[in-house]
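Colleague: The structure that follows is given in the form of structure tokens.
Please treat every number below as a calculation from the coordinates, not as lab data. It should be emphasised that the depicted structure is a prediction, and the values quoted were computed from it without experimental measurement. Note: ideal-geometry Cβ built from the backbone for every residue, glycine included; neighbour counts use all protein chains shown.
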Amino acid sequence: MLSQNYMKANYLYLVTNLMLLFFSIANFALAQDLYSTPKTPEEMLNLYFKAMKEHNSNPDLPIFTEKSRQMLKTWKVTPSQMDNIVASYNSCTPDETKYDSTYLLAVIHYPINQKQCSPWFFQKHENSWKLDLTMMQKAVRFDNKNRWHFVPGFNHQYGFAFSDWIIDNNGYPR
């Protein structure tokens, strides 16, 4: 026969775990709702910055492409890294948003002289824009002065947005 203390302990353990599960589901649902329907790349980028300000590193946010979500699940992003992203981009003013001919890809980039702010790549999925961090990871690098540049010789589907730029042999925009 089980003791009364043992049954109480099991009951408390079960209730605690059910509460944790409930709050996890509620938090996930809230995140889905808050970040679910960016209609423009600019709106999507603002949602990303909002997530960074809130230290929300949830890789399952619907603002990311599926490949970006998979990549982010293997990354650890610290609150200080998120703060640095927000602070870096607060000092930059987007130049323009460029779309490919299918209107399924977009790039937000900054004036060439704002070298600390790299471009952002987006894909459109079911009437909502998603941030494509995987292509950014493959195509963009930063030097020891935190100036962004492309990986030299790396061709990518977002090249349309830079057709009027001069990119030197080291991948730096000029």
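Colleague: Among 88, 68, 128, rank each residue by its count of other Cβ atoms within 10 Å, from fewest to most, as a rough exposure measure. Intermediate results must be reported in sequence, preceding the final value.
Modeller: Numbers: 88 13, 68 22, 128 17.
Fewest-to-most Cβ neighbours within 10 Å comes out as 88, 128, 68.
Colleague: Using Cα positions and a limit of under 30 Å, work out the lysines in reach of residue 67, with same-chain residues fewer than 8 apart set aside.
Modeller: Cα-Cα hits under 30 Å: 39, 50, 53, 76, 98, 115, 124, 130, 138, 145.
Colleague: Across the range 98-113, in residue order, what do the Karplus-derived ³J(HN,Hα) couplings come to in whole Hz, using 6.51 cos²θ - 1.76 cosθ + 1.60 with θ = phi - 60° and x for Gly and Pro?
Modeller: So the J values, rounded to whole Hz, are 10, 10, 6, 5, 8, 6, 10, 10, 8, 9, 9, 10, 10, x, 4, 6.
Colleague: Taking all pairs of distinct Cα atoms, average 1/r, flip it, and tell me the Kirkwood hydrodynamic radius of the range 47-174 in Å to one decimal place.
Modeller: 15.4
Colleague: Something else now. What does the extension gain come out to for residue 156 and residue 55, with contour length at 0.36 nm per residue minus their alpha carbon separation?
Modeller: Answer, rounded to one decimal: 33.4 nm.
Colleague: Using Cβ contacts closer than 10 Å as the measure, can you line up 109, 156 from fewest to most?
Modeller: Lowest to highest Cβ neighbour count: 156, 109.
Colleague: What list of ³J(HN,Hα) values in whole Hz, one per residue of the range 84-96 in order, does the Karplus curve 6.51 cos²θ - 1.76 cosθ + 1.60 (θ = phi - 60°) give from phi, with Gly and Pro shown as x?
Modeller: 5, 4, 4, 5, 4, 7, 5, 8, 10, 10, x, 7, 6
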